[in-house]
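The values are calculated or read from the model by the stated rules, or taken from the named source; none is laboratory data. Here the structure is a predicted model, which is why all the values come from computation and not from measurement. We place every Cβ from the backbone using ideal geometry, glycine too, and count neighbours over all the protein chains shown.
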Amino acid sequence: MLVMALGALGAVTWESWQTEAKLTAARQALQAEQRPKPSPIAAPASALTTLTSAQRTAWAQIARQLNTPWSALLDALEASLPDDVALVAIEPDASQGSVRLQVEAKSLDPLLAYAGQLRLIPLFDDVNLVKHETNEQDSNRPLRLSLNIRLRAP
């Protein structure tokens, strides 16, 4: 009986050690889970300090493009467009803060009047005539005017 009692005591002791080891591992896992984790917002802020000059310039260009008031610009172009002038092309250049327009009409006077109207729009800082040409391929031979519009800084 003594041998059986010692065997049972050994088995209980062994099981107690195993349970204690599992309990210690569970406590460590719980403590690791309860530790404060770094904020996901904090990581990009530290990454900004390591940006190169070229990367900062690229981010600034992206921000400038995203902050360009495209709907206001298109609304202003549409509202000021007379019936005898056709808007052929709009080429934005957000890195320069400008837009190039190509407009067509049967004569030069409506095109120049349209350029004058664009100068009066508060959204635009400057309107420059880049070039004019006659579209020889079209049977109506319309005049085409290229304008470069600098957007006012927000």
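Could you list, in sequence order, the residues of segment 93-104 that are surrounded by fewer than 17 Cβ atoms within 10 Å (Cβ to Cβ) and in a strand (DSSP E or B)?
Let us first name the residues in segment 93-104 that are surrounded by fewer than 17 Cβ atoms within 10 Å (Cβ to Cβ), namely 93, 95-96, 100.
Correct list: ASP93, ARG100.
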**OP:** Scan segment 26-59 for residues that are part of a helix (DSSP H, G or I), modelled with pLDDT of 80 or more and under 26 Å from the mean Cα position of the chain (by Cα) and jot them down.
**Re:** SER53, ALA54, GLN55, ARG56, THR57, ALA58, TRP59
Original post:
Has segment 54-63 got at least one residue that is on the phi < 0 side of the Ramachandran plot, touching a strand residue (DSSP E or B) at 6+ places or on another chain (Cβ under 9 Å) and in contact (Cβ under 8 Å) with a residue 12 or more places away in the chain?
Top reply: no
